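Undergrad: My questions all concern the structure below.
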Amino acid sequence: MAESKNKKNVKVKCIPVSGGLAMGEIQIVRDPHLQVVRRSIPAAKVKKEINRLETALASTIKELQSARDRALKAVGQQSINIFEAQVLIASDKQFHDGVIQHIKSKRVNAEYAFQENLAETLSSLNQSRDPYLRQMVNDITSVSQRVLSILLGVGEGHQNGFKRPTILVGRIFSPGQIISYAKKKVVGFITSEGGPTSHMGLIARSLGIPAVMGNFDHSAKISTGMSMVIDGNNGEVILDPDKATWDNYRRISARKHAQPFAVLKRAKAINPVTRDGHHYGLAANLEIPGPLDDHLTRLGIGVGLYRTEFLYFNDQIFPDEEEQFQNYSHIAEKFHPRPVTLRTFDLGGDKYVDGTEGFGEDNPALGWRGIRVALDSSGQFKMQIRAMLRASAKGNIRILLPMVSDASEVVTAINIIASIKRELSRANVSYDDEIQIGVMIEVPSAAMQADYIAEMVDFFSIGTNDLIQYTMAADRGNYRVAKYYDCYHPAVLKLIQMAVIAAHDNKIPVTVCGEMAGDINLTPFFVGLRVDELSMNPTMIPRIAEWISQIDYIDAKRFVSRVMRLTTSLKVRRAFKDAYEYIRQQKKGSWLQQ
Ligand code: PEP
Ligand code: MG
């Protein structure tokens, strides 16, 4: 552990994102533009600076070309315009010549000259009345960040990993970066964006890597190389711990129960039955199959949501039909006879093709995402459906469509699935002809038309992570609006109730698969609504099962009627808190009268 002269053991409260304890050395990954400094260069070194600039530009172009090829494979032709435009920007000769001229005339370092010339270009574009030119600002900024990060040796670097256990501190990391850093001795993350329901949060949890959200952007208290402890369970961070504190945390983290997966691994049985005998399904959300599968199957748990897009994030290469078929067959066999719900790729939003920061949209969450990408790039969608159908022969696969905002999307997707079935039949390939097709209810328009959509499909899965963000107009990964991202808001509860009622009126089952499903405070609500299944991060399953067994359905049902009459989030929150306390103290029934 590195010693320092600063004050020791400074505790900072952050927002917990992924549980467990992490101990390591801080590595700050700053947005590169924050770090550019001016250095004077002797005449003899001017050529070297120009070479550095040219190398950085050449690698940027290469990176962009390979990102373009990956996007082409992942989502098809429509996605590549942005990269084509960025390659053109990175190759702009006039701009290069300007920077070279700047290095020569002012004898300054390449990154400084680059940044100065960039600022000039951006300022004139920003003043332009032409919306097309103003739009170019985003593309130019994105390209420039790449060039600067190469010149400064920060950002996407660390190609070879770290020598010691490392905690990365940065603005945000993509799911792909989390996966690849996890293989490079990174043991924890602190980000200023990307809360508990962000995709980086989900992936950190499924890998069992502690993470918290806190804003250290302009903090003088932390520096690269300093030691740090993260307690992902309560969001506490200890900066520069002294030896006694460090040793104490080392002892705690060596204990079995400190590990995020410990409770699931130790669980003997899962019995989600209320005190008055009502059974609820519990299932696992999987991003990366593997680490916990054996424990889940031992406990009789199926897969309520397999986020297939993470297949891509895992190794940054988009899987072809055969690879997808192998992957889906493996999971279907492993969990057989329990159901495995395969969601079609939900790319877009904060789940972007790595190194691209999305499709260059101003508003990615409201942009080209989920089923919109699938239907516009139907070649990729068809390939995925073919792989899913081929893997379905054992009869336990279900297909789930993400980010549906209009019933017409469901009709188109169902028609495509039917046409692939016919193709497979003609080719004598076996598949499950009765395969169930479901829809994610995660956009308010879909919740409000749930009764109509329910007539078309076999099941619903309520994606509360997105449903909250779209209902409350609050980005799920933005800490500045975290207080608006409110799962207790009456509008959110109303939409969930609408979807459940619509499903049951149409005699189809309904799962809740957003993070709300694994929140013990909300369990009485879902029990009272009589949802069929709660699908969650596997580590929460034993706790939720235990909690369900403490509740009477009949009480929970009355609780729901009472809560649905409350008009403010504050009142709802209080009612849930009281319910929690009364269940905990086993004062049967009395929580209803509050
Ligand atoms: C959700 O939105 O609640 C959901 C389960 O999907 P994802 O988190 O992958 O967007
Ligand atoms: Mg979602």
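The values are calculated or read from the model by the stated rules, or taken from the named source; none is laboratory data. The structure presented is a predicted model; accordingly, all values stated were derived computationally and were not measured. Heads up, the Cβs are rebuilt from the backbone with ideal geometry, glycines too, and the neighbour counts pull from every protein chain shown. Keep in mind that these areas ignore ligands, DNA and RNA; they rest on the heavy atoms of the full protein, side chains included. Shrake-Rupley method; radii C 1.70, N 1.55, O 1.52, S 1.80 Å.
Undergrad: Tally up the residues in segment 128-170 that are open to solvent by 30 Å² or more (accessible area, probe 1.4 Å), modelled with pLDDT of 75 or more and farther than 29 Å from residue 49 by Cα, please.
TA: Going through segment 128-170 one residue at a time, the tally reaches 3.
Undergrad: Report whether or not residue 573 is more than 16 Å from ligand 2 (Cβ to nearest atom), under 24 Å from residue 17 (Cβ atoms) and open to solvent by 50 Å² or more (accessible area, probe 1.4 Å). Reasoning before the result, please.
TA: On the way: more than 16 Å from ligand 2 (Cβ to nearest atom): yes; under 24 Å from residue 17 (Cβ atoms): yes; open to solvent by 50 Å² or more (accessible area, probe 1.4 Å): yes.
Here the answer is yes, as residue 573 does meet what is asked.
Undergrad: Now a separate question. Pairs needed: first member in segment 278-290, on the phi > 0 side of the Ramachandran plot; second member anywhere, surrounded by 23 or more Cβ atoms within 10 Å (Cβ to Cβ); C-beta distance under 6 Å; at least 6 residues apart or different chains.
TA: Short answer, once both residue conditions are applied: none.
Undergrad: Name the one entry in 209, 270 that is part of a loop (DSSP other than H, G, I, E, B), more than 30 Å from residue 347 (Cβ to Cβ) and not charged (D, E, K, R).
TA: Numbers: 209 fails: more than 30 Å from residue 347 (Cβ to Cβ).
The unique qualifying residue is 270.
Undergrad: In this structure, is residue 335 at pLDDT below 95 and surrounded by 20 or more Cβ atoms within 10 Å (Cβ to Cβ)?
TA: No.
Undergrad: Right, something else. What tally of residues in segment 273-331 results from selecting those that are assigned to a helix (DSSP H, G or I) and among the aromatic types (Phe, Trp, Tyr)?
TA: Step one: filter segment 273-331 for residues assigned to a helix (DSSP H, G or I), giving 293-298, 309-315, 321-331.
Then drop every residue that is not among the aromatic types (Phe, Trp, Tyr), which leaves 310, 312-313, 325, 328.
The number of residues fulfilling the criteria is 5.
Undergrad: Given the structure, is residue 481 under 23 Å from residue 571 (Cβ atoms), in contact with an Asp or Glu (Cβ under 8 Å, 6 or more places away or on another chain) and at pLDDT below 95?
TA: Numbers: under 23 Å from residue 571 (Cβ atoms): yes; in contact with an Asp or Glu (Cβ under 8 Å, 6 or more places away or on another chain): yes; at pLDDT below 95: yes.
It is true that residue 481 is under 23 Å from residue 571 (Cβ atoms), in contact with an Asp or Glu (Cβ under 8 Å, 6 or more places away or on another chain) and at pLDDT below 95.
Undergrad: Looking at (1) of a type outside the set (A, V, I, L, M); (2) under 30 Å from residue 69 (Cα atoms); (3) at pLDDT 85 or above, find the lone condition where residue 312 falls short.
TA: (3)
Undergrad: Here is a follow-up. Can residue 322 be described as farther than 23 Å from residue 512 by Cβ and at pLDDT 90 or above? Let's see the steps before the verdict.
TA: Working: farther than 23 Å from residue 512 by Cβ: yes; at pLDDT 90 or above: yes.
So residue 322 passes the test.
Undergrad: So which of 79, 66 ends up being surrounded by fewer than 19 Cβ atoms within 10 Å (Cβ to Cβ), modelled with pLDDT under 90 and either in a helix (DSSP H, G or I) or among the acidic types (Asp, Glu) (or both)?
TA: None of the others qualify; the one that does is 66.
Undergrad: Against the condition out of contact with any strand residue (DSSP E or B) (no Cβ under 7 Å at 6 or more places or on another chain), in a loop (DSSP other than H, G, I, E, B) and not assigned by TED's automatic domain parsing to the domain that holds residue 348, how does residue 224 come out, does it pass?
TA: On the way: out of contact with any strand residue (DSSP E or B) (no Cβ under 7 Å at 6 or more places or on another chain): no; in a loop (DSSP other than H, G, I, E, B): yes; not assigned by TED's automatic domain parsing to the domain that holds residue 348: yes.
Answer is no for this residue.
Undergrad: From the list 462, 414, 435, pick out the single residue that is within 16 Å of ligand 2 (Cβ to nearest atom) and either open to solvent by 10 Å² or more (accessible area, probe 1.4 Å) or in contact with a Ser or Thr (Cβ under 8 Å, 6 or more places away or on another chain) (or both). First the steps, then the outcome.
TA: Details: 414 fails: within 16 Å of ligand 2 (Cβ to nearest atom); 435 fails: within 16 Å of ligand 2 (Cβ to nearest atom).
Answer to the selection: 462.
Undergrad: Working carefully through the options 240, 350, find the one that is on the phi > 0 side of the Ramachandran plot and not aromatic (Phe, Trp, Tyr).
TA: Details: 350 fails: on the phi > 0 side of the Ramachandran plot.
Going through 240, 350 in turn, just one is on the phi > 0 side of the Ramachandran plot and not aromatic (Phe, Trp, Tyr): 240.
Undergrad: Take the residues in segment 217-260 that are surrounded by 16 or more Cβ atoms within 10 Å (Cβ to Cβ) and farther than 16 Å from residue 9 by Cβ, then tell me which one is modelled with the lowest pLDDT.
TA: Per the stated criteria, the residue is 258.
Undergrad: Being surrounded by 16 or more Cβ atoms within 10 Å (Cβ to Cβ) and in contact with an Asp or Glu (Cβ under 7 Å, 6 or more places away or on another chain) is the filter here; which residues of segment 394-411 pass it?
TA: Correct list: 397, 402, 403.
Undergrad: Would you kindly identify the strands (runs of 3 or more DSSP E) lying entirely within segment 389-488 that contain at least 1 residues that are under 18 Å from residue 378 (Cβ atoms) and without any contact (Cβ under 8 Å) to a residue 60 or more places away in the chain?
TA: It comes to 397-401, 436-441.
Undergrad: Also: Which of the residues that make up segment 476-496 are of a type in the set (D, E, K, R) and either buried (at least 23 other Cβ atoms within 10 Å of the Cβ) or not assigned by TED's automatic domain parsing to the domain that holds residue 412 (or both)? Before the answer, list the steps.
TA: Restricting attention to segment 476-496, the residues satisfying the condition of being of a type in the set (D, E, K, R) are 476, 480, 483, 486, 494.
The one that is of a type in the set (D, E, K, R) and either buried (at least 23 other Cβ atoms within 10 Å of the Cβ) or not assigned by TED's automatic domain parsing to the domain that holds residue 412 (or both): 476.
Undergrad: Among the residues of segment 511-553, how many are in a helix (DSSP H, G or I) and away from ligand 2 (no atom under 16 Å from the Cβ)?
TA: Selection size over segment 511-553: 22.
Undergrad: Among the residues of segment 359-383, which ones are part of a helix (DSSP H, G or I) and within 16 Å of ligand 1 (Cβ to nearest atom)?
TA: Taking segment 359-383 first, the residues part of a helix (DSSP H, G or I) are 364-366, 371-376, 378-383.
Hits for segment 359-383 are 364, 365, 366, 371, 372, 373, 374.
Undergrad: Is it the case that segment 514-531 has a residue that's of a type in the set (A, V, I, L, M, F, W, C) and surrounded by fewer than 20 Cβ atoms within 10 Å (Cβ to Cβ)? So that I can check it myself, show each step before the final result.
TA: Here is the first cut: in segment 514-531, the ones of a type in the set (A, V, I, L, M, F, W, C) are 516-517, 520, 522, 525-527, 529, 531.
Now drop any that are not surrounded by fewer than 20 Cβ atoms within 10 Å (Cβ to Cβ), which leaves 520.
Within segment 514-531, one or more residues are of a type in the set (A, V, I, L, M, F, W, C) and surrounded by fewer than 20 Cβ atoms within 10 Å (Cβ to Cβ).
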